[in-house]
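Structure, as structure tokens:
The values are calculated or read from the model by the stated rules, or taken from the named source; none is laboratory data. Remember, it's a predicted structure, so these values are computed and weren't measured experimentally. Every residue, glycine among them, receives a Cβ derived from its backbone with ideal geometry; neighbour counts consider all protein chains shown.
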């Protein structure tokens, strides 16, 4: 009787041990799988960097540093320089940010301070839907609707307005093509607006109510509370949102490709066609014949990758700082 | 007294001006959305007909449809999601469960956030160097891989965020009755975070179904019906790109119709995704 129960207990112990071992094994397998997937994310970014460096090696070793400072881009003589696309990328992104930041902060203030509560969520969603629209839609809209509108109404007006004023007249020199640097900047501004708005609104929400209430308590107006309390408190977070928007604008491809005009030259006028790094790659990559041509285009990609990496890393660093402050 | 009053007046005026500007800014944002959707509906709807969904992309100057482009987009999106989602969910699981406090998680989160907003054309170049150049030709597989690389960061981010929202008491309850860690994750954490993870996948579908840049030199384009994954394949965004920049009226009309289809798909997916998480918050 005891022998039977002992045998039963020991066999139960054995199955129990086997089950525990099996559990431990599956757990280890699952744990390793998740860990490897996490490491794969790192490998992906590393792979992107390595493949871009490898692909651009031929062009960079031929042209060296002068690749960055040469304006000429001539596939026939195989002489390539990145200055015009770099110039176009920076100018269009900078103007886009200058336009989008005040509007984005304005919308965030509206949503956190002014908007009636029932409308807050729908309007917030509508602005975020702007972020979800694929960039090719902005491109086709920009080319067929926005650019003709600028060409027939806005640009001739601005050209005649600033005619004869030194500086401004060359900045807005005709003829009005419709497409060009300024059109691309405006489209980019629309595209980065939702990113800046939603991040600014999120960081505005992190301001402790007691800070704002004490400012209201001593008689501050809404604007004074925003200007003196909310914005100083969230400055780092807003900067992070702006940098994130800038990263988007620098790398944006399709919308810009439609409306920039694809001209490899630097002109003083914002109405003139230009090009950006991403637009050049999108337009010319499949047609590039010759290794040097392809390699030059990959070099452009490498430059874009480095610029956006730095900007996005700064953005994340700033947003991390505001996160750690609210977490504490 | 009068100076105090005038100061008060000027402060109130300034406040009124600034607040009006903020309302104007919100109006501008909404007006832009309305303008873009309005133009899309106006130009796109007139081209919607059964032929769009039953006929192939036409040669220049002919009437036709977008069937092969729609098919290609769906196929590459499905493969991209099927490849990218498990990797993203697993990586997110590591970050929220096994390695919540490890150094690796901090690094991966940082790098993932950068991948999330990295220019998609760079991903296209990467896949070109990785697959297209060694294989010697453009292929639908390369396009799908490029899309899956875009899926991963979106899914990683939402999975980690959603798993972090699951209360620890639930996990502890599972562990207390003797369930090993992976059973707790599978039957407790995943179940509690399911709607959030599905939201992430829907957002990823929305993101890649409109992506053009990474497909330009991976999947290229194809004017004919092709279900061969090892050959170039048409996709809706690339077809729109090609047709919109062409001088032919029929092509431009098809581009508008295709743009309308993509936008409605993407907006529909984002609204469904939002309503999924919205219900969560209310609960």
Based on what the data block shows, is residue B:265 assigned to a helix (DSSP H, G or I) and surrounded by 23 or more Cβ atoms within 10 Å (Cβ to Cβ)? no
Single unsatisfied condition, residue B:119 versus (1) more than 19 Å from residue A:40 (Cβ to Cβ); (2) surrounded by fewer than 22 Cβ atoms within 10 Å (Cβ to Cβ); (3) touching a residue at least 24 places away in the same chain (Cβ under 8 Å): (2)
In the list A:148, A:156, which residue meets the criterion of being modelled with pLDDT under 90 and either out of contact with any strand residue (DSSP E or B) (no Cβ under 9 Å at 6 or more places or on another chain) or surrounded by fewer than 16 Cβ atoms within 10 Å (Cβ to Cβ) (or both)? A:156
What's the number of the condition residue B:211 fails, among (1) crowded, with 21+ Cβ neighbours inside 10 Å; (2) part of a helix (DSSP H, G or I); (3) within 12 Å of chain A (Cβ to nearest Cβ); (4) in contact (Cβ under 8 Å) with a residue 40 or more places away in the chain? (2)
Checked A:248, A:235 against criteria (closer than 30 Å to residue A:202 by Cβ and out of contact with any helix residue (DSSP H, G or I) (no Cβ under 7 Å at 6 or more places or on another chain)); the one match is A:235
Hits in the range B:78-99 (condition: farther than 18 Å from residue A:28 by Cβ and either without any contact (Cβ under 8 Å) to a residue 40 or more places away in the chain or away from chain A (no Cβ under 12 Å) (or both)): B:78, B:79, B:80, B:81, B:82, B:86
Would you mind telling me which numbered condition in (1) more than 10 Å from chain B (Cβ to nearest Cβ); (2) touching a helix residue (DSSP H, G or I) at 6+ places or on another chain (Cβ under 6 Å); (3) in contact (Cβ under 8 Å) with a residue 24 or more places away in the chain residue A:262 fails? (3)
Kindly indicate the residue of the range B:18-46 that is surrounded by fewer than 13 Cβ atoms within 10 Å (Cβ to Cβ) and touching a helix residue (DSSP H, G or I) at 6+ places or on another chain (Cβ under 8 Å) and also nearest to residue A:107 (Cα to Cα) among those meeting that condition. B:45
Looking at the range B:100-125, which of the residues that are facing chain A (nearest Cβ under 7 Å) and not in a helix (DSSP H, G or I) is nearest to residue A:320 (Cα to Cα)? B:118
Got a sec? Which of A:161, A:168, A:182, A:130 is within 30 Å of residue B:267 (Cβ to Cβ) and either at pLDDT 90 or above or surrounded by fewer than 16 Cβ atoms within 10 Å (Cβ to Cβ) (or both)? A:182
Could you list all residues from the range A:135-157 that are in contact (Cβ under 8 Å) with a residue 40 or more places away in the chain and away from chain B (no Cβ under 14 Å)? A:155
Give just the number: which of (1) within 23 Å of the chain's Cα centre (by Cα); (2) within 14 Å of chain A (Cβ to nearest Cβ) does residue B:75 not satisfy? (2)
Can you tell me which of B:206, B:244 is in contact with a helix residue (DSSP H, G or I) (Cβ under 8 Å, 6 or more places away or on another chain) and in contact (Cβ under 8 Å) with a residue 60 or more places away in the chain? B:206
Every residue in the range B:126-144 that is within 7 Å of another protein chain (Cβ to nearest Cβ) and under 20 Å from residue B:81 (Cβ atoms), please. B:126, B:130
For the range A:89-118, give me each residue that is without any contact (Cβ under 8 Å) to a residue 24 or more places away in the chain, part of a helix (DSSP H, G or I) and at the interface with another protein chain (Cβ under 10 Å from one of its Cβ atoms). A:102, A:106, A:110
Could you pull out the residue among B:58, B:86 that is farther than 20 Å from residue B:216 by Cβ and not in a helix (DSSP H, G or I)? B:58
Pick out the one residue from A:33, A:38, A:59, A:18 that is over 26 Å from residue B:108 (Cβ atoms) and either outside any helix (DSSP H, G or I) or touching a helix residue (DSSP H, G or I) at 6+ places or on another chain (Cβ under 7 Å) (or both). A:59
Any idea which of (1) at negative phi; (2) in contact with a strand residue (DSSP E or B) (Cβ under 8 Å, 6 or more places away or on another chain) is the one residue A:255 doesn't satisfy? (2)
Filtered residue count, the range A:307-328, keeping only those that are more than 16 Å from the chain's Cα centre (by Cα) and more than 10 Å from chain B (Cβ to nearest Cβ): 8
Can you find a residue in the range A:270-282 that is within 11 Å of another protein chain (Cβ to nearest Cβ), surrounded by fewer than 24 Cβ atoms within 10 Å (Cβ to Cβ), modelled with pLDDT of 90 or more and within 23 Å of residue A:64 (Cβ to Cβ)? no
Name the pairs: first residue in the range B:8-27 and within 7 Å of chain A (Cβ to nearest Cβ), second residue surrounded by 12 or more Cβ atoms within 10 Å (Cβ to Cβ) and outside any helix (DSSP H, G or I), Cβ to Cβ under 7 Å, at least 6 apart or on different chains? B:11/A:221; B:12/A:221; B:15/A:221
Sort out which residues of the range A:23-66 are under 25 Å from the mean Cα position of the chain (by Cα), more than 18 Å from residue B:152 (Cβ to Cβ) and buried (at least 19 other Cβ atoms within 10 Å of the Cβ), and write them in order of number. A:52, A:55, A:56
Scan the range A:285-306 for residues that are at the interface with chain B (Cβ under 10 Å from one of its Cβ atoms) and touching a residue at least 24 places away in the same chain (Cβ under 8 Å) and jot them down. A:288, A:294, A:298, A:300, A:301, A:302, A:304, A:305
